[in-house]
Structures are given as structure tokens and as C-alpha cells.
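Report on the following structure.
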Amino acid sequence: PQVRDVDMKLIELAKSYEAKIVTNDFNLNKIAQLQGVEVLNINELANALKPIVLPGETMRVFILKEGKEYNQGVAYLDDGTMVVIDNGRRHIGQTIDVCVTSVLQTTAGRMIFSRLKEEAEAA
């Protein structure tokens, strides 16, 4: 296509081939949708592939460092999700079982709050 703007070139090309656009560019996504081109957002696809975690579920994590609050430990899942463990500070450097207490979805990603499995079972 004889179009100068890169985004518009992609949109025109997708239209001519009846193709979808795969992107994480917010503006391209919106413009393409307005032009009637189907868009697959990489961030939405990645979030859709993350496993669902529910309160009460048990998981095994490696506590990497201390958290911001007193006595917390912090671990990370393979997908980069942060897991905050109440009373986990004393287990830094260890792999332990934790029980999920809540899950918080933020614009920066997902955070999982948990406590040690033995404490959850005693409660």
C-alpha cells in the first residue's frame, strides 16, 4: 500500500489479506479495531494463559527475599506473578508449601497473598 504511517500500512495490509494483527501496541490496537481489522493483544493472550489461582489452593514456592511488611517473604511463579507469604521471612532460601489467601489483579500484574500451609491448617 502507498501509505506513509507504519500503523496504517499494517492495517491496510491486514485488510488486503483478510488477516489479523497481533500486537501489544495500544494505539495500533484501537485504530485497527476502528478500521474493522481483528486484533489479538499479546498482553491479553498472556493473561489468558496464566493459571487461575483461588483462595484455599495450596502451592509450592521458593521464597526468594523478604517482603515490605513485617515477617513477609516473597516468591515468584514461573510467569512472573509475585507471591507474598505471611510469616515467610524465616523461610527465605527454602521451598515451602503455602495456602493462597487472596489474589489481587493490578495494572502491573497479578499478586498472590498466602500463608504457610502449616499455619493455614492450624487456623
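The numbers here are math on the coordinates, done by the rules we state, and not lab data. Given the structure is predicted, the values throughout are model-derived calculations rather than measurements. FYI the Cβ positions are ideal-geometry reconstructions off the backbone, even for glycines, and counts take in every protein chain you see.
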Scan (1) touching a Cys at 6+ places or on another chain (Cβ under 9 Å); (2) within 18 Å of residue 49 (Cα to Cα) for the single condition residue 110 breaks and write down its number. (1)
Give the residues of region 5-31 that are in contact with a helix residue (DSSP H, G or I) (Cβ under 7 Å, 6 or more places away or on another chain) and closer than 12 Å to residue 42 by Cα, sorted by residue number. 21, 22, 23, 24
Taking region 60-117 only, how many residues are in contact (Cβ under 8 Å) with a residue 40 or more places away in the chain and farther than 30 Å from residue 44 by Cα? 1
Restricting the search to region 54-94, which residues are among the polar types (S, T, N, Q) and within 22 Å of the chain's Cα centre (by Cα)? 58, 72, 81
